[in-house]
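Student: Dropping a structure here in C-alpha coordinates format, bear with me for questions.
The values are calculated or read from the model by the stated rules, or taken from the named source; none is laboratory data. Remember, it's a predicted structure, so these values are computed and weren't measured experimentally. No Cβ is skipped: glycine too gets one built from the backbone with ideal geometry, and neighbour counts run over all protein chains shown. What goes into the accessible areas is simple: the full protein's heavy atoms, side chains included, and nothing from ligands, DNA or RNA. Shrake-Rupley method; radii C 1.70, N 1.55, O 1.52, S 1.80 Å.
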Amino acid sequence: MTRDVIVVGGGIVGCATAYFCAREGMRVTLLERKSIGYGASGRNPGWLWLHCRTAGFALDISRAGRQLYPELLRDLPGGFEFRPSGGLMYFVTPDQGDVFEAFVAARRVDGLDMSLIDGAEVRRLVPPIREDVLGASYCPDDAQIVTQTVVEALARGARAEGATIREGVTVDRLIVSGERVVGVDTDDGRFSGDAIVMAAGAWSTALLAGAGFDVPIGGERLQLVSTVPQPFRIEPLVFGPEATKQYALFRDLPAWDPAPFASGAEHPDGLVLLPLLVQRASGELVIGCATDYPDDLDPNPTLAGIAQVAAWVATDLPGLRNTPITRAWAGSLPFTSDQAPVIDEVMPGLFVGAGHVFGNTAGPVTGRVLSQLIAGKEPDFDISECRFGRPLDPIAVGAPTHW
(Lines give C-alpha, C1' and ligand atoms only; values in the text may rest on other atoms or scores of the structure.)
Protein backbone atom coordinates (compact mmCIF):
# COMPACT_ATOMS: atom_id res chain seq x y z
CA MET A 1 0.00 0.00 0.00
CA THR A 2 1.12 3.57 -0.73
CA ARG A 3 2.45 5.13 2.45
CA ASP A 4 4.03 8.50 1.54
CA VAL A 5 1.90 11.02 -0.33
CA ILE A 6 2.94 14.48 -1.55
CA VAL A 7 0.03 16.79 -2.39
CA VAL A 8 0.75 19.89 -4.49
CA GLY A 9 -1.80 22.64 -3.91
CA GLY A 10 -3.55 23.95 -0.81
CA GLY A 11 -7.02 24.61 -2.19
CA ILE A 12 -10.18 22.63 -1.63
CA VAL A 13 -9.07 19.64 -3.74
CA GLY A 14 -5.58 19.47 -2.27
CA CYS A 15 -6.70 19.83 1.34
CA ALA A 16 -9.52 17.31 0.85
CA THR A 17 -7.02 14.87 -0.66
CA ALA A 18 -4.64 15.37 2.25
CA TYR A 19 -7.47 14.87 4.74
CA PHE A 20 -8.85 11.68 3.21
CA CYS A 21 -5.40 10.19 2.58
CA ALA A 22 -4.36 10.88 6.17
CA ARG A 23 -7.56 9.24 7.38
CA GLU A 24 -6.48 6.14 5.44
CA GLY A 25 -3.28 6.04 7.48
CA MET A 26 -0.96 7.43 4.82
CA ARG A 27 1.91 9.80 5.61
CA VAL A 28 0.92 13.02 3.88
CA THR A 29 2.82 16.21 3.12
CA LEU A 30 0.93 19.04 1.44
CA LEU A 31 2.89 21.80 -0.30
CA GLU A 32 1.29 25.19 -0.96
CA ARG A 33 3.21 28.00 -2.66
CA LYS A 34 1.36 30.79 -0.83
CA SER A 35 -1.07 30.01 2.00
CA ILE A 36 -3.96 27.60 2.42
CA GLY A 37 -6.88 28.71 0.25
CA TYR A 38 -4.88 31.51 -1.40
CA GLY A 39 -5.96 30.72 -4.98
CA ALA A 40 -9.35 29.93 -6.50
CA SER A 41 -10.70 28.34 -3.31
CA GLY A 42 -10.24 31.47 -1.22
CA ARG A 43 -11.54 33.91 -3.81
CA ASN A 44 -14.86 32.53 -5.05
CA PRO A 45 -18.38 33.40 -3.84
CA GLY A 46 -18.90 29.99 -2.21
CA TRP A 47 -21.76 28.54 -4.21
CA LEU A 48 -22.89 24.91 -4.04
CA TRP A 49 -24.91 25.29 -7.24
CA LEU A 50 -26.95 22.33 -8.48
CA HIS A 51 -29.42 24.62 -10.26
CA CYS A 52 -27.63 24.58 -13.63
CA ARG A 53 -25.53 21.43 -13.52
CA THR A 54 -26.07 19.32 -16.63
CA ALA A 55 -27.64 15.89 -16.09
CA GLY A 56 -25.02 13.17 -15.92
CA PHE A 57 -21.56 13.60 -14.45
CA ALA A 58 -21.85 17.30 -13.57
CA LEU A 59 -25.12 16.94 -11.67
CA ASP A 60 -24.12 13.61 -10.12
CA ILE A 61 -20.84 14.85 -8.65
CA SER A 62 -22.48 18.10 -7.54
CA ARG A 63 -25.14 16.13 -5.70
CA ALA A 64 -22.52 13.87 -4.15
CA GLY A 65 -20.56 16.92 -2.99
CA ARG A 66 -23.64 18.63 -1.62
CA GLN A 67 -24.48 15.47 0.34
CA LEU A 68 -20.92 15.22 1.68
CA TYR A 69 -20.93 18.63 3.37
CA PRO A 70 -23.03 17.71 6.42
CA GLU A 71 -20.62 14.81 7.05
CA LEU A 72 -17.62 17.13 6.79
CA LEU A 73 -19.30 19.66 9.07
CA ARG A 74 -19.76 16.90 11.65
CA ASP A 75 -16.26 15.43 11.36
CA LEU A 76 -13.87 18.32 10.76
CA PRO A 77 -12.45 20.16 13.78
CA GLY A 78 -13.54 23.74 14.21
CA GLY A 79 -16.36 23.61 11.69
CA PHE A 80 -16.96 25.98 8.78
CA GLU A 81 -19.71 28.16 7.36
CA PHE A 82 -22.30 26.07 5.50
CA ARG A 83 -25.86 27.20 4.85
CA PRO A 84 -28.39 24.97 3.01
CA SER A 85 -30.27 28.07 1.89
CA GLY A 86 -31.45 27.26 -1.65
CA GLY A 87 -30.84 29.28 -4.78
CA LEU A 88 -32.81 31.27 -7.34
CA MET A 89 -32.46 32.77 -10.82
CA TYR A 90 -34.86 35.65 -11.38
CA PHE A 91 -36.48 37.10 -14.49
CA VAL A 92 -38.03 40.48 -15.24
CA THR A 93 -39.96 40.14 -18.54
CA PRO A 94 -42.72 37.78 -19.75
CA ASP A 95 -40.44 36.54 -22.58
CA GLN A 96 -37.78 35.61 -20.06
CA GLY A 97 -40.47 33.94 -17.97
CA ASP A 98 -41.44 31.67 -20.87
CA VAL A 99 -37.85 30.43 -21.05
CA PHE A 100 -37.69 29.91 -17.29
CA GLU A 101 -40.92 27.92 -17.33
CA ALA A 102 -39.40 25.54 -19.90
CA PHE A 103 -36.15 25.41 -17.91
CA VAL A 104 -37.89 24.41 -14.69
CA ALA A 105 -39.86 21.69 -16.49
CA ALA A 106 -36.64 20.29 -17.99
CA ARG A 107 -34.87 20.32 -14.63
CA ARG A 108 -37.73 18.38 -13.06
CA VAL A 109 -37.33 15.74 -15.77
CA ASP A 110 -33.66 15.54 -14.73
CA GLY A 111 -34.83 14.75 -11.19
CA LEU A 112 -33.92 18.08 -9.63
CA ASP A 113 -36.25 19.61 -7.08
CA MET A 114 -37.15 22.94 -8.68
CA SER A 115 -40.13 25.27 -8.87
CA LEU A 116 -41.19 28.64 -10.25
CA ILE A 117 -41.85 31.30 -7.63
CA ASP A 118 -43.61 34.60 -8.27
CA GLY A 119 -42.30 38.14 -8.03
CA ALA A 120 -43.74 38.75 -4.58
CA GLU A 121 -41.84 35.76 -3.20
CA VAL A 122 -38.62 36.88 -4.89
CA ARG A 123 -38.99 40.34 -3.32
CA ARG A 124 -39.57 38.73 0.06
CA LEU A 125 -36.44 36.59 -0.28
CA VAL A 126 -34.29 39.38 -1.79
CA PRO A 127 -35.36 42.71 -0.22
CA PRO A 128 -33.08 45.02 -2.30
CA ILE A 129 -34.18 43.64 -5.70
CA ARG A 130 -35.94 45.69 -8.37
CA GLU A 131 -39.71 46.14 -7.93
CA ASP A 132 -40.63 44.82 -11.39
CA VAL A 133 -39.12 41.34 -10.91
CA LEU A 134 -41.70 38.81 -12.16
CA GLY A 135 -40.44 35.54 -10.75
CA ALA A 136 -37.61 33.06 -10.48
CA SER A 137 -36.63 29.44 -10.68
CA TYR A 138 -35.94 28.15 -7.17
CA CYS A 139 -33.96 25.07 -6.10
CA PRO A 140 -33.92 24.20 -2.38
CA ASP A 141 -30.89 21.92 -2.83
CA ASP A 142 -28.54 24.80 -3.64
CA ALA A 143 -26.41 25.87 -0.70
CA GLN A 144 -23.57 28.18 0.22
CA ILE A 145 -20.24 27.96 1.99
CA VAL A 146 -17.43 30.32 2.78
CA THR A 147 -14.90 28.26 0.86
CA GLN A 148 -11.91 29.60 2.76
CA THR A 149 -13.39 28.28 6.00
CA VAL A 150 -13.95 24.85 4.42
CA VAL A 151 -10.36 24.68 3.17
CA GLU A 152 -9.04 25.69 6.59
CA ALA A 153 -11.21 23.04 8.26
CA LEU A 154 -9.95 20.37 5.85
CA ALA A 155 -6.39 21.44 6.63
CA ARG A 156 -7.07 21.21 10.36
CA GLY A 157 -8.60 17.79 9.83
CA ALA A 158 -5.61 16.63 7.81
CA ARG A 159 -3.21 17.84 10.51
CA ALA A 160 -5.29 16.12 13.19
CA GLU A 161 -4.87 12.87 11.23
CA GLY A 162 -1.10 13.35 11.11
CA ALA A 163 -0.56 15.22 7.83
CA THR A 164 2.15 17.87 7.46
CA ILE A 165 1.17 21.09 5.69
CA ARG A 166 3.93 23.34 4.37
CA GLU A 167 2.96 26.82 3.22
CA GLY A 168 5.23 29.15 1.25
CA VAL A 169 6.85 26.27 -0.67
CA THR A 170 6.95 26.56 -4.47
CA VAL A 171 7.09 23.35 -6.50
CA ASP A 172 9.40 23.73 -9.49
CA ARG A 173 9.17 20.36 -11.20
CA LEU A 174 8.18 16.73 -10.96
CA ILE A 175 10.90 14.09 -10.48
CA VAL A 176 10.63 11.07 -12.78
CA SER A 177 12.65 7.92 -12.22
CA GLY A 178 12.25 5.30 -14.93
CA GLU A 179 8.53 4.79 -15.45
CA ARG A 180 7.43 6.43 -12.21
CA VAL A 181 7.03 9.88 -10.66
CA VAL A 182 8.83 9.76 -7.33
CA GLY A 183 8.84 13.32 -6.01
CA VAL A 184 8.99 17.05 -6.58
CA ASP A 185 11.77 19.62 -6.50
CA THR A 186 10.90 22.84 -4.68
CA ASP A 187 12.53 26.05 -3.55
CA ASP A 188 12.92 24.29 -0.20
CA GLY A 189 14.50 21.10 -1.47
CA ARG A 190 13.27 17.75 -2.74
CA PHE A 191 10.21 15.92 -1.40
CA SER A 192 9.86 12.23 -2.25
CA GLY A 193 6.83 9.99 -2.08
CA ASP A 194 5.08 6.90 -3.38
CA ALA A 195 2.26 9.05 -4.74
CA ILE A 196 2.43 12.64 -5.98
CA VAL A 197 -0.91 14.45 -6.30
CA MET A 198 -1.17 17.47 -8.57
CA ALA A 199 -4.08 19.56 -7.24
CA ALA A 200 -3.01 23.10 -8.09
CA GLY A 201 -5.99 24.13 -10.23
CA ALA A 202 -5.10 26.15 -13.31
CA TRP A 203 -1.46 26.24 -12.16
CA SER A 204 -1.27 22.45 -12.66
CA THR A 205 -0.92 22.79 -16.44
CA ALA A 206 2.57 24.31 -16.39
CA LEU A 207 3.90 21.86 -13.77
CA LEU A 208 2.56 18.87 -15.67
CA ALA A 209 3.85 20.20 -19.01
CA GLY A 210 7.36 20.26 -17.55
CA ALA A 211 7.15 16.48 -17.22
CA GLY A 212 5.66 16.02 -20.69
CA PHE A 213 1.96 15.82 -19.79
CA ASP A 214 -0.55 17.90 -21.73
CA VAL A 215 -3.46 18.86 -19.45
CA PRO A 216 -4.93 22.11 -20.83
CA ILE A 217 -6.65 23.98 -18.00
CA GLY A 218 -7.81 27.55 -18.41
CA GLY A 219 -8.51 30.23 -15.84
CA GLU A 220 -11.61 32.42 -15.80
CA ARG A 221 -11.14 35.57 -13.74
CA LEU A 222 -14.09 36.44 -11.48
CA GLN A 223 -14.24 39.99 -10.14
CA LEU A 224 -16.28 40.64 -6.98
CA VAL A 225 -16.97 43.18 -4.27
CA SER A 226 -18.16 42.85 -0.68
CA THR A 227 -20.13 45.26 1.49
CA VAL A 228 -20.49 46.16 5.12
CA PRO A 229 -22.92 43.84 6.96
CA GLN A 230 -26.58 44.52 6.21
CA PRO A 231 -29.50 44.20 8.67
CA PHE A 232 -31.84 42.37 6.28
CA ARG A 233 -31.48 38.68 5.42
CA ILE A 234 -31.07 37.18 1.94
CA GLU A 235 -31.08 33.43 2.41
CA PRO A 236 -30.84 32.01 -1.15
CA LEU A 237 -28.07 32.37 -3.67
CA VAL A 238 -29.19 34.90 -6.29
CA PHE A 239 -28.40 34.79 -10.01
CA GLY A 240 -29.56 37.41 -12.53
CA PRO A 241 -31.16 36.60 -15.89
CA GLU A 242 -28.01 37.46 -17.89
CA ALA A 243 -26.38 34.32 -16.47
CA THR A 244 -28.69 32.13 -18.56
CA LYS A 245 -26.49 32.58 -21.63
CA GLN A 246 -23.64 30.86 -19.84
CA TYR A 247 -25.46 27.53 -19.60
CA ALA A 248 -26.28 24.97 -22.28
CA LEU A 249 -29.28 23.96 -20.17
CA PHE A 250 -30.86 27.26 -21.25
CA ARG A 251 -29.33 27.63 -24.70
CA ASP A 252 -30.49 24.16 -25.78
CA LEU A 253 -34.13 24.72 -24.84
CA PRO A 254 -36.56 24.92 -27.79
CA ALA A 255 -37.96 28.05 -26.11
CA TRP A 256 -34.53 29.73 -25.95
CA ASP A 257 -34.17 33.19 -27.46
CA PRO A 258 -31.10 35.25 -26.49
CA ALA A 259 -32.73 38.61 -27.30
CA PRO A 260 -34.77 38.98 -24.08
CA PHE A 261 -31.62 38.38 -22.04
CA ALA A 262 -29.45 41.06 -23.63
CA SER A 263 -28.04 43.64 -21.24
CA GLY A 264 -26.29 46.93 -21.76
CA ALA A 265 -23.88 46.05 -18.94
CA GLU A 266 -22.82 42.89 -20.69
CA HIS A 267 -19.62 43.30 -22.69
CA PRO A 268 -17.58 46.42 -21.92
CA ASP A 269 -13.88 45.84 -22.49
CA GLY A 270 -14.42 42.17 -23.32
CA LEU A 271 -15.99 41.39 -19.96
CA VAL A 272 -18.93 39.01 -19.53
CA LEU A 273 -21.35 39.62 -16.67
CA LEU A 274 -22.45 36.76 -14.43
CA PRO A 275 -24.66 38.73 -12.04
CA LEU A 276 -24.75 37.14 -8.60
CA LEU A 277 -25.42 37.99 -4.98
CA VAL A 278 -24.92 36.06 -1.76
CA GLN A 279 -25.14 37.10 1.88
CA ARG A 280 -22.84 35.62 4.52
CA ALA A 281 -23.94 34.72 8.04
CA SER A 282 -22.20 37.93 9.18
CA GLY A 283 -24.55 40.04 7.06
CA GLU A 284 -21.81 40.85 4.52
CA LEU A 285 -22.92 40.81 0.89
CA VAL A 286 -20.72 39.38 -1.87
CA ILE A 287 -21.61 40.73 -5.31
CA GLY A 288 -20.24 39.84 -8.73
CA CYS A 289 -19.14 38.77 -11.22
CA ALA A 290 -17.40 40.47 -14.07
CA THR A 291 -15.56 37.69 -15.87
CA ASP A 292 -12.78 37.58 -18.41
CA TYR A 293 -9.94 35.32 -19.54
CA PRO A 294 -6.58 37.06 -19.22
CA ASP A 295 -3.31 35.60 -20.43
CA ASP A 296 -1.90 35.39 -16.91
CA LEU A 297 -3.67 34.16 -13.79
CA ASP A 298 -4.10 37.71 -12.48
CA PRO A 299 -5.68 37.96 -9.00
CA ASN A 300 -6.32 41.69 -9.30
CA PRO A 301 -9.69 43.23 -10.22
CA THR A 302 -9.98 46.00 -12.80
CA LEU A 303 -11.84 49.29 -12.73
CA ALA A 304 -13.83 48.15 -15.79
CA GLY A 305 -14.83 44.95 -14.02
CA ILE A 306 -15.97 46.67 -10.85
CA ALA A 307 -17.85 49.27 -12.92
CA GLN A 308 -19.72 46.46 -14.67
CA VAL A 309 -20.78 44.94 -11.35
CA ALA A 310 -21.81 48.37 -10.05
CA ALA A 311 -23.94 49.02 -13.15
CA TRP A 312 -25.85 45.78 -12.54
CA VAL A 313 -26.41 46.67 -8.88
CA ALA A 314 -27.77 50.09 -9.85
CA THR A 315 -30.29 48.53 -12.25
CA ASP A 316 -31.32 45.29 -10.57
CA LEU A 317 -30.50 45.80 -6.88
CA PRO A 318 -31.46 49.45 -6.40
CA GLY A 319 -31.76 48.99 -2.65
CA LEU A 320 -27.97 48.58 -2.53
CA ARG A 321 -26.93 51.65 -4.54
CA ASN A 322 -25.58 53.53 -1.54
CA THR A 323 -24.26 50.54 0.39
CA PRO A 324 -20.58 50.96 1.39
CA ILE A 325 -18.21 48.37 -0.04
CA THR A 326 -15.30 47.01 1.96
CA ARG A 327 -13.12 45.40 -0.69
CA ALA A 328 -12.82 44.29 -4.30
CA TRP A 329 -10.92 41.24 -5.48
CA ALA A 330 -10.62 38.65 -8.22
CA GLY A 331 -10.27 34.90 -8.30
CA SER A 332 -9.42 32.39 -11.00
CA LEU A 333 -11.90 29.65 -11.84
CA PRO A 334 -10.16 26.66 -13.50
CA PHE A 335 -11.86 24.85 -16.37
CA THR A 336 -11.24 22.39 -19.19
CA SER A 337 -12.74 22.52 -22.67
CA ASP A 338 -15.36 19.88 -21.79
CA GLN A 339 -16.01 21.34 -18.31
CA ALA A 340 -15.06 18.10 -16.52
CA PRO A 341 -11.97 17.98 -14.28
CA VAL A 342 -9.08 15.59 -14.77
CA ILE A 343 -9.12 12.98 -11.97
CA ASP A 344 -6.80 10.08 -12.68
CA GLU A 345 -3.46 8.36 -12.21
CA VAL A 346 -1.69 9.64 -15.31
CA MET A 347 1.39 7.47 -14.84
CA PRO A 348 2.64 5.32 -11.95
CA GLY A 349 3.05 7.54 -8.90
CA LEU A 350 1.40 10.64 -10.40
CA PHE A 351 -2.22 11.51 -9.68
CA VAL A 352 -4.06 14.57 -10.93
CA GLY A 353 -7.16 16.30 -9.55
CA ALA A 354 -7.47 19.62 -11.39
CA GLY A 355 -9.65 21.67 -13.72
CA HIS A 356 -12.75 21.91 -11.50
CA VAL A 357 -15.11 24.55 -12.83
CA PHE A 358 -17.47 23.72 -9.94
CA GLY A 359 -14.84 22.89 -7.35
CA ASN A 360 -16.92 23.79 -4.29
CA THR A 361 -19.18 20.81 -4.90
CA ALA A 362 -16.76 18.50 -6.72
CA GLY A 363 -13.62 19.28 -4.70
CA PRO A 364 -14.25 17.24 -1.54
CA VAL A 365 -15.54 14.29 -3.60
CA THR A 366 -12.39 14.48 -5.73
CA GLY A 367 -10.20 14.37 -2.63
CA ARG A 368 -11.97 11.25 -1.42
CA VAL A 369 -11.74 9.60 -4.85
CA LEU A 370 -8.02 10.37 -5.12
CA SER A 371 -7.41 8.83 -1.70
CA GLN A 372 -9.18 5.69 -2.90
CA LEU A 373 -7.16 5.54 -6.12
CA ILE A 374 -3.92 5.98 -4.18
CA ALA A 375 -4.94 3.24 -1.74
CA GLY A 376 -5.63 0.89 -4.65
CA LYS A 377 -9.37 0.83 -3.99
CA GLU A 378 -12.25 1.11 -6.42
CA PRO A 379 -13.52 4.70 -6.28
CA ASP A 380 -17.02 5.09 -4.89
CA PHE A 381 -17.80 7.61 -7.63
CA ASP A 382 -17.63 7.01 -11.39
CA ILE A 383 -14.80 9.13 -12.85
CA SER A 384 -14.83 7.66 -16.37
CA GLU A 385 -15.57 11.12 -17.83
CA CYS A 386 -12.58 12.61 -15.98
CA ARG A 387 -9.81 10.34 -17.20
CA PHE A 388 -6.47 11.67 -18.40
CA GLY A 389 -5.91 11.26 -22.14
CA ARG A 390 -9.43 12.09 -23.27
CA PRO A 391 -9.52 14.69 -26.06
CA LEU A 392 -9.32 18.20 -24.64
CA ASP A 393 -9.06 21.33 -26.75
CA PRO A 394 -6.30 23.88 -26.13
CA ILE A 395 -7.39 26.89 -24.11
CA ALA A 396 -7.73 30.04 -26.24
CA VAL A 397 -6.62 33.09 -24.27
CA GLY A 398 -9.36 35.70 -24.05
CA ALA A 399 -12.09 33.44 -25.45
CA PRO A 400 -15.12 33.10 -23.13
CA THR A 401 -16.16 29.63 -22.10
CA HIS A 402 -19.69 28.34 -21.61
CA TRP A 403 -21.03 25.58 -19.40
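Student: Please give the peptides 270-282, 353-365, 244-256 ranked by average Cβ packing (other Cβ atoms within 10 Å per residue), highest first, as a rough proxy for protection. Each step should come with its number before you reach the end.
Tutor: Values: 270-282: 20.2, 353-365: 27.5, 244-256: 16.6.
The densest-packed peptide leads the list: 353-365, 270-282, 244-256.
Student: Going by alpha carbons, how many degrees (0 to 90, nearest 10) lie between the helix axis of 303-316 and the longest principal axis of the chain?
Tutor: Rounded to the nearest ten degrees, it is 40.
Student: Taking only protein heavy atoms and a 1.4 Å probe, what accessible area per residue, in Å², does the stretch 26-172 have with all protein chains in place? Walk me through the intermediate numbers first.
Tutor: Numbers: 5560 Å² over 147 residues.
So the stretch 26-172 comes to 38 Å² accessible per residue, rounded to a whole number.
Student: Share of antiparallel DSSP beta bridges in the stretch 1-155, in percent to the nearest 5?
Tutor: On the way: 13 of 18 bridges.
The antiparallel proportion sits near 70 percent.
Student: For THR54, enumerate residues with amide H under 5 Å from its amide H, sequence gap 5+ or separate chain, H modeled in the peptide plane.
Tutor: Under 5 Å from the amide H of THR54 lie the amide H atoms of LEU59, each far enough along the sequence or on another chain.
Student: Just to be sure I understand: with springs between alpha-carbon atoms less than 10 Å apart, which residue in ILE61, ILE117, ILE12 has the highest mean-square fluctuation in the Gaussian network model of the chain?
Tutor: ILE117
Student: Going by amide H atoms built from the backbone, whose H comes under 5 Å of the H on VAL28, apart from near neighbours?
Tutor: VAL5, THR164
Student: Could you work out [θ]222 nm for the chain from helices alone, using -39500 (n - 2.57) per DSSP H run of at least four and dividing by all its residues? Round to the nearest 500 deg cm²/dmol. Present the calculation step by step, with values, prior to reporting the outcome.
Tutor: Numbers: 9 runs with 108 residues, N = 403.
For the chain, the value works out to -8500 deg cm²/dmol.
Student: With the Cα gyration tensor of the stretch 208-281 giving a ≥ b ≥ c as the square roots of its eigenvalues, does the rule (a/c under 1.5 for rounded; else a/b larger than b/c for prolate; else oblate) give rounded, prolate or oblate?
Tutor: On the way: a/c = 2.06, a/b = 1.24, b/c = 1.66.
Since a/c reaches 1.5 but b/c is at least a/b, the shape of the stretch 208-281 is classed as oblate.
Student: Further question on the same structure: Using each residue's phi in the stretch 89-98, evaluate 6.51 cos²θ - 1.76 cosθ + 1.60 at θ = phi - 60° and report the 3J(HN,Hα) Karplus result to the nearest Hz, with x for Gly and Pro.
Tutor: 10, 9, 9, 10, 10, x, 5, 4, x, 4
Student: Among GLN144, ALA22, GLY353, whose Cα lies farthest out toward the positive end of the dipole of the chain, if unit charges sit on the beta carbon of Lys, Arg (+1) and Asp, Glu (-1)?
Tutor: ALA22
Student: Quick query: amide H of CYS289 versus all other amide H atoms, modeled in the peptide plane; which residues come in under 5 Å with a sequence gap of 5 or more or a different chain?
Tutor: When sequence neighbours closer than 5 places are left aside, the close amide H contacts are LEU274, LEU276.
Student: Let me ask you something else. Take every DSSP beta bridge whose two residues both sit in the chain, then give the antiparallel share in percent to the nearest 5. Write down the numbers at each step before the final one.
Tutor: Numbers: 51 of 71 bridges.
The antiparallel proportion sits near 70 percent.
Student: Under 10 °C and 1.306 mPa s, how fast does the chain diffuse according to Stokes-Einstein, given a Kirkwood radius computed over C-alpha pairs? Answer in µm²/s, whole number. Present the calculation step by step, with values, prior to reporting the outcome.
Tutor: Values: Rh = 21.5 Å.
It diffuses with D of about 74 µm²/s by this estimate.
Student: Then there's this: Just need the relative contact order of the stretch 145-211 here, percent rounded to a whole number, with Cα pairs under 8 Å and 6+ apart. Don't jump to the answer; show the numbers that get you there.
Tutor: Details: 61 pairs, mean separation 14.7, N = 67.
That works out to 22 percent.
Student: Step through the residues of the stretch 373-389 one at a time and calculate ³J(HN,Hα) from phi using the Karplus curve (6.51 cos²θ - 1.76 cosθ + 1.60, θ = phi - 60°), rounding each to whole Hz and writing x for Gly and Pro.
Tutor: 4, 5, 7, x, 9, 6, x, 8, 9, 6, 10, 4, 7, 10, 5, 5, x
Student: A follow-up question, please. Highest mean first, how do 49-59, 121-131, 294-304 rank when packing is the count of other Cβ atoms within 10 Å averaged over residues?
Tutor: Descending mean neighbour count gives 49-59, 121-131, 294-304.
Student: Rounded, prolate or oblate: which fits the stretch 103-172 when a ≥ b ≥ c are the square roots of the eigenvalues of the alpha-carbon gyration tensor, with rounded for a/c under 1.5 and prolate only if a/b beats b/c?
Tutor: prolate
Student: Next question. For the stretch 51-171, which whole percent of the accessible surface, found with a 1.4 angstrom probe, sits on carbon and sulfur atoms? Working shown, then result.
Tutor: Values: 2240 of 4700 Å².
In the stretch 51-171, the share of accessible area belonging to carbon and sulfur is 48 percent.
Student: For the chain, what is the charge dipole size about the Cα centre, in debye to the nearest 20, if Lys and Arg each add +1 at the Cβ and Asp and Glu each add -1 at the Cβ?
Tutor: Working: 33 positive and 49 negative charges, 205 e Å.
Result for the chain is approximately 980 debye, rounded to the nearest 20.
Student: Cα centroids of the stretch 213-236 and the stretch 136-192: how far apart, whole angstrom?
Tutor: 20
Student: So what J values fall out for the stretch 34-47 if you push phi through Karplus, 6.51 cos²θ - 1.76 cosθ + 1.60 with θ = phi - 60°, rounded to Hz, Gly and Pro as x?
Tutor: The phi angles translate into 10, 9, 4, x, 5, x, 4, 5, x, 10, 9, x, x, 8 Hz.
Student: Can I ask one more? Among TRP203, ALA55, PRO275, which residue has its Cα furthest toward the positive end of the charge dipole of the chain, with +1 on Lys/Arg Cβ and -1 on Asp/Glu Cβ?
Tutor: Of the listed residues, the answer is TRP203.
Student: Then there is this: Is the stretch 207-332 best put as rounded, prolate or oblate by its Cα gyration tensor, with a ≥ b ≥ c the root eigenvalues, rounded for a/c under 1.5, and otherwise prolate when a/b is larger than b/c, oblate when not?
Tutor: oblate
Student: Order the following by accessible area, largest value first: SER337, SER177. Probe radius 1.4 Å; ligands, DNA and RNA are ignored.
Tutor: Values: SER337 45, SER177 70 Å².
So the residues, ranked largest to smallest area, are SER177, SER337.
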